[in-house]
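For reference, the structure discussed in these notes is given below.
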There are 4 protein chains.
Amino acid sequence: MLNPGPASASSHTLRALATPVSYHNDPWFLERFRNAEREIAAILGTTQDVVLMQGECMLGLEAAARSLVHPGIKCLNLVSGIYGRGMGEWLRSFGAEVIEIEVPFNAAIDPADVESAFAANTIELVTVVHSETPCGTLNPVEEIGPIAKAHGALTMVDAASTLGGIPLLPDEWKLDVCVGASQKCLGAPAGISLMTVSEDAWSAMRRNPLAPRASILSLLDWKDMWLEEGRFPLTPSITDMLGVEAAAGEVLEIGVDEYFDRPRRAAAACRAGVRAMGLETFPRDDSIASPLLTAIALPGGTDDLELCEHIRSHYGVVLGDSEGVGGIVRIGHMGLTARSFHVVAGLSALGRGLLDLGVSIDLGTGLAAAALAVNDAPVAIG
Amino acid sequence: MLNPGPASASSHTLRALATPVSYHNDPWFLERFRNAEREIAAILGTTQDVVLMQGECMLGLEAAARSLVHPGIKCLNLVSGIYGRGMGEWLRSFGAEVIEIEVPFNAAIDPADVESAFAANTIELVTVVHSETPCGTLNPVEEIGPIAKAHGALTMVDAASTLGGIPLLPDEWKLDVCVGASQKCLGAPAGISLMTVSEDAWSAMRRNPLAPRASILSLLDWKDMWLEEGRFPLTPSITDMLGVEAAAGEVLEIGVDEYFDRPRRAAAACRAGVRAMGLETFPRDDSIASPLLTAIALPGGTDDLELCEHIRSHYGVVLGDSEGVGGIVRIGHMGLTARSFHVVAGLSALGRGLLDLGVSIDLGTGLAAAALAVNDAPVAIG
Amino acid sequence: MLNPGPASASSHTLRALATPVSYHNDPWFLERFRNAEREIAAILGTTQDVVLMQGECMLGLEAAARSLVHPGIKCLNLVSGIYGRGMGEWLRSFGAEVIEIEVPFNAAIDPADVESAFAANTIELVTVVHSETPCGTLNPVEEIGPIAKAHGALTMVDAASTLGGIPLLPDEWKLDVCVGASQKCLGAPAGISLMTVSEDAWSAMRRNPLAPRASILSLLDWKDMWLEEGRFPLTPSITDMLGVEAAAGEVLEIGVDEYFDRPRRAAAACRAGVRAMGLETFPRDDSIASPLLTAIALPGGTDDLELCEHIRSHYGVVLGDSEGVGGIVRIGHMGLTARSFHVVAGLSALGRGLLDLGVSIDLGTGLAAAALAVNDAPVAIG
Amino acid sequence: MLNPGPASASSHTLRALATPVSYHNDPWFLERFRNAEREIAAILGTTQDVVLMQGECMLGLEAAARSLVHPGIKCLNLVSGIYGRGMGEWLRSFGAEVIEIEVPFNAAIDPADVESAFAANTIELVTVVHSETPCGTLNPVEEIGPIAKAHGALTMVDAASTLGGIPLLPDEWKLDVCVGASQKCLGAPAGISLMTVSEDAWSAMRRNPLAPRASILSLLDWKDMWLEEGRFPLTPSITDMLGVEAAAGEVLEIGVDEYFDRPRRAAAACRAGVRAMGLETFPRDDSIASPLLTAIALPGGTDDLELCEHIRSHYGVVLGDSEGVGGIVRIGHMGLTARSFHVVAGLSALGRGLLDLGVSIDLGTGLAAAALAVNDAPVAIG
């Protein structure tokens, strides 16, 4: 599996998943749950509330959006890919007045455009996708958050594919709600939304009469029942939670800096190989590319689905298709695949697959370039 | 753990949970998912659609209620405990016109009253809780479903604590939506709602303009994307799903009849012990008592929370408190605890706890009665 | 499983067993191996070498005996049960001159008799079984070791069923070789012999020209290659070793004193129940009974194998038969079964089984006596 | 891990290892044990007795040798590497009269030489190593067995690194004792010797007064107690055995032909890459090379230990050193590493390591050649 998430679980996480299931109200599990919250807070360097909602990150995103949005609220939605577009559809369906800045899918939002939007409009909520993973791009949320905060607006970040894999600093970057996924960079099972919520965001939710209550989508129920009173509003999946605890603990044990640097090193090696092979990466330039994956522009006419299925069925390697964007194939650099010669294996699969389909590339030059650019720090295995 | 759910996982299920996490769109996992659906259908003897929604069963219940209910719909809500009351609050908050039949918490709904309600009112939807677990009682959904269907109404059943543990036959009993939980009778991790949906229910949802769409709560998205087109609307928790598949497979291997008979035998032994000890069961009579647990009326004044916490902290045994109803303590008979001398261990804990708190009971007579009533079929262990 | 070993693994140990198998010469595994050695040393309060030989404890016992024994060596073998008898057969087959002190199987060796044997004979090696588990008895190795050392003899202890479950102090008690088992009190998988070897014992082995070398039975190979040079003489079972590390680590986390006290408390409750039921324990008196199990004398004529098989096949409870001694049934108090109401469940099974076979006992009085004598310290579960 | 064994466990095997530990005399486990025996027999296409001795394969080899050898027995020991040499030392230390045929370590035994040895000597036992893994070579046991049998001699095969990975047919090839390892081709935990024993071998053991009895090394105890009477002579490691059962079961599910063909295909791709890189394989020619690994001759002066440690510490890849032979580095093709682009990853590590140490090779040409030669059959992943 060399696709950009869900990532494989580490040995350490697998151990946790094999733990016999205990009672969710047992003090032992309550402490495991709180420890997972503390770990996520440490990874994000935040003092905001961490909320581990029960449900894949689509639940966290929907819960956050429904809790913050009410008919008539003025939203600025930043679109650089399909997830940003989908967020706009949600906002409109919840009754928001939506202004959008849209850039080509191989580009990233320009903070200057955000400033201009604030100059021209009253905006209460900014919504932005940290990484548009189908395109391999990254938006500068570290600059967008402070702009929004300076104008008194909240910022809600879809960090599904970045939280726990690259720096994301809600406090320093003034982000009010961030939503991540257990199954992406952390390599834990899907099933938990990893969220941060600022005091400003809680206040806005409390002012919103349509914020879900007595619902699986209620962030306020988690705030009032679990964070304030220590009672779960519903039964958490013990197995999924132990997976999150183990995976986050492993990140902290490795060290956040080292853990976040691995994808950067792997991405550099992969991109060297891609270019030496005669291919191009999809993002406009490397400064806006996510280190967690390399999105490669397919030479004219190659179908990404056909290519990925050919590679999977013939060689047992799972690469990422373009999720409907078209013309892109993706190699992930998350967790275990951010290290060693996984990028060479990924490029072997890609190169061999392209040659099988009749696309001419320079396989040897590409593989050698990647193999020579691999730059793992010397560390213990295990 | 001798509480009435969540139940402990069996060896077989634990094996499944330790399976390394694979890619959710891999054909191998798609087949695992479909196999889990087939297994649940086999346990329920149904040809209806089985929907395994991603989320603890509160999600399934909310999804079903929001999909069926629209402002002005006429609902008959049957109340014999706190879960029935909560359902009524939901229905009203979604804008339904709600008629309720409420019986004392130690009783069950009388089908004749349901008939009368239909005679006096136009009713579009009947909502009923199969087992009010805090009270240890069972409602006769096998009689209620046909009455509703005869009057053209849909029936939605909260089967959270019964699906997979005792007979529940959506087809034969004319039930339109049933919602169960992975972590109860099946002993799998929490995190999956196990649902059946009839053709009539799908039609009603499609006619409801407020039925959730593009939402974690959307049953119709699961119908259109997964059941019709084989694409997941969101990322399932592979670990949780493999747990469901393994747990349901084990039920079928043991045999549904034998598996459903175990709680009946254990409950009979437990109740013999309770009465010999000088205590009374809470349900008005055994014919309306759920075999999956024994709810015991605490002698005057004994606080259930204090008692359960005393037993847990001194003896490491988790019994069920009354979940706020008061005056009840509960011993579960699900999965592993439905066999062997688990009921004697549970009664030892209860009896010793009561004596520690100064309540006089006849411990020896009670334990002997239960031990003599244990009636396991001779079977292989493992 | 309420038999006296092999014991069930704890959640914590099961997690370790599910760890993906790594390379045995990897630094990570070497550190795991050394950590397991340190943990065993800490449990035994010893500064002697700990040797974790690859093979069930019969291998450790054979390796120790073959390493120490040569034709003509004068051995004192202490016999209070079948394992002591077997040791004598081994010693004779290896060419030793064997003196034996044998006591009835419901008694223990009297240290005064050991003194007398030394007074009358030149003895180089004393061999003794710490607990004759089939009989439920304990020999006073804490007194025998110092006597032997005072006379310049070595002491070799078969601690298969006691190491890690009750106090065993090689340094303080002057024991030269102790051999324990991973699968008994520790609840790890079978497959590792847990051994301590004193300097005196190493010297004796080095002087013995018949001590195994280049053999799976060679203690000296482990000493020279692994303890001195850090190279494994053969490939260890990574899974088994991680199980030992996890299990021993859990004992230390609980605390050795508390962990060793649990069987004592459980045994007291069990014996109270046995006697109240009208039965007798097998050991002559409680002062020589092992706390790790209760051996119960079966009323005249009851066949232990028939009884145990009846209980297993009808009630799914595994009690220990007499391993050929006859007339004894055994309930274990190791690991998880040393706590809570496991003794009541065990006595329920025993009592019900005896009644089924027509043996009259007072079931209620017995179960109540045991339940009232349960005396767990208040501790967290998990 | 790309070294030639121990191999990584598959998902399927890991599931088995996480199974809670049960009682080894339980009928459920007895059936698991017998099923593992049947599976091994099926993989070997044999009707001989399969003996699963408790202990890493060095135990099985020692047990077999001690059971067959007595002072004065005339043995022909075939030496093509260090394991063959070690076998000779054992035979002599057990008192055998040993004739040896030794060939260079990059060659294999010539059956004609075996014929000649029989013509010139009376020989009772032939000992041979199937694969000298440090050298990557294979001896033609399929021709040696029939020669020995024709002359009335027994053949004992060290198949530690081949059993379960490539064809080994005790019946067809007239082999009397074969000894394999659980942790090599099968990818199960170390700890079980997988053995076949012919009727002729049993007879010879019974005639040998020095064959171990009442010993961990006693094959005859396993024959008499377990195979004849169904009682274990000692406590097996349940975890290790379930690992063997699961791993062998997976081989049968994949199909023996396909499973044995995978290393052949991977080896072909690897060797194409090695040669394109400008390196040479160590075995004299491919017809005597084991498909389970590729042994590569290091260019003059490169130290294998330094190279392997450099690659491990910098890139996290474990290649096999020469185990003391010198001048060889090895890439394994067992289990999971026999598929997909693992050989390219292995060659990347090797090539990069050599370049780092200043050895000139043609990296790109080599990697491309290997990637183009990968030839996996299209199969489902999982």
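Annotations
- Matching residues in region A:93-107 - criterion: being in contact with a Cys (Cβ under 9 Å, 6 or more places away or on another chain) and assigned to a helix (DSSP H, G or I): none
- Residue satisfying all of: in region B:228-251; farther than 13 Å from residue B:36 by Cα and out of contact with any strand residue (DSSP E or B) (no Cβ under 7 Å at 6 or more places or on another chain); nearest to the other protein chains (Cβ to nearest Cβ) among these: B:235
- Screening B:360, B:348 for residues that are more than 22 Å from residue B:162 (Cα to Cα), among the polar types (S, T, N, Q) and assigned to a helix (DSSP H, G or I) leaves exactly one candidate, B:348.
- Answer from D:370, D:295, D:289 - the residue that is in contact with a Cys (Cβ under 7 Å, 6 or more places away or on another chain), over 28 Å from residue A:313 (Cα atoms) and away from chain B (no Cβ under 14 Å): D:295
- Residue among A:247, A:266, A:276 that is aliphatic (A, V, I, L, M), buried (at least 21 other Cβ atoms within 10 Å of the Cβ), under 21 Å from the mean Cα position of the chain (by Cα) and farther than 22 Å from residue A:55 by Cβ: A:266
- Of the residues examined, residue C:150 is one that is surrounded by fewer than 18 Cβ atoms within 10 Å (Cβ to Cβ), among the aliphatic types (A, V, I, L, M) and over 12 Å from the mean Cα position of the chain (by Cα).
- Taken over region D:335-367, the criterion of being touching a Cys at 6+ places or on another chain (Cβ under 7 Å) and without any contact (Cβ under 8 Å) to a residue 40 or more places away in the chain is satisfied by no residue.
- Just one residue in the set A:317, A:329 is part of a loop (DSSP other than H, G, I, E, B) and either within 29 Å of residue A:42 (Cα to Cα) or hydrophobic (A, V, I, L, M, F, W, C) (or both); that residue is A:317.
- Residues of region B:186-221 that are farther than 30 Å from residue B:246 by Cβ, within 14 Å of another protein chain (Cβ to nearest Cβ) and without any contact (Cβ under 8 Å) to a residue 24 or more places away in the chain: B:213, B:214.
- Contact map, region D:138-156: first residue at positive phi, second residue not small (Gly, Ala, Ser), Cβ cut-off under 9 Å, separation 6 or more or different chains; pairs are D:152/D:123; D:152/D:124.
Results for (1) at pLDDT below 95; (2) closer than 30 Å to residue D:349 by Cβ; (3) touching a Leu at 6+ places or on another chain (Cβ under 6 Å), shown as yes or no for each residue.
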residue	(1), (2), (3)
D:12	yes, yes, no
D:22	yes, no, no
D:55	yes, no, no
D:65	no, no, no
D:86	no, yes, no
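- Looking across D:356, D:303, D:286, D:321, one residue alone is of a type in the set (Asp, Glu) and within 20 Å of residue D:268 (Cβ to Cβ). It is D:286.
- When the criteria are applied in full, residue A:241 fails the requirement of being touching a residue at least 24 places away in the same chain (Cβ under 8 Å) and more than 30 Å from residue A:220 (Cβ to Cβ).
- Scan region C:353-367 for residues that are surrounded by 24 or more Cβ atoms within 10 Å (Cβ to Cβ) and facing chain B (nearest Cβ under 7 Å) and the total you get is 2.
- Within region A:313-349, tally of residues that are among the aliphatic types (A, V, I, L, M), within 17 Å of residue A:302 (Cα to Cα) and more than 10 Å from chain D (Cβ to nearest Cβ): 5
- Residues of region C:157-176 satisfying the condition of being in a strand (DSSP E or B), touching a residue at least 40 places away in the same chain (Cβ under 8 Å) and surrounded by 24 or more Cβ atoms within 10 Å (Cβ to Cβ): C:158, C:163
- The requirement of being part of a helix (DSSP H, G or I) and among the hydroxyl-bearing types (Ser, Thr, Tyr) is not satisfied by residue D:193.
- Residues satisfying the stated conditions in region D:276-297, i.e. in a loop (DSSP other than H, G, I, E, B) and touching a residue at least 40 places away in the same chain (Cβ under 8 Å): D:277, D:278, D:279, D:282, D:283, D:284, D:290, D:291, D:292
- The residue of region D:66-83 that is nearest to the chain's Cα centre (by Cα), among those that are in a helix (DSSP H, G or I) and more than 10 Å from chain C (Cβ to nearest Cβ), is D:83.
- Selection from region B:321-339 of residues that are among the small types (Gly, Ala, Ser) and touching an Asp or Glu at 6+ places or on another chain (Cβ under 6 Å): B:322
- Whichever residue in region C:108-140 is assigned to a loop (DSSP other than H, G, I, E, B) and among the β-branched types (Val, Ile, Thr) and, among such residues, is surrounded by the fewest Cβ atoms within 10 Å (Cβ to Cβ): C:122
- Only a single item in (1) at pLDDT 95 or above; (2) surrounded by fewer than 20 Cβ atoms within 10 Å (Cβ to Cβ) is not met by residue B:51, and it is number (2).
- Here residue B:91 does not qualify as under 16 Å from residue B:61 (Cα atoms) and more than 14 Å from chain A (Cβ to nearest Cβ).
- Among the criteria (1) within 14 Å of another protein chain (Cβ to nearest Cβ); (2) assigned to a loop (DSSP other than H, G, I, E, B), the one residue A:179 does not fulfil is (2).
- Within region D:21-54, if we keep just the residues that are in a loop (DSSP other than H, G, I, E, B) and in contact with a strand residue (DSSP E or B) (Cβ under 6 Å, 6 or more places away or on another chain), the residue that is nearest to residue D:172 (Cα to Cα) turns out to be D:46.
The values are calculated or read from the model by the stated rules, or taken from the named source; none is laboratory data. None of these values were measured; they are calculated from a predicted model. Methodologically, a virtual Cβ is constructed for each residue, glycine included, from the backbone with ideal geometry; neighbour enumeration extends over all protein chains shown.
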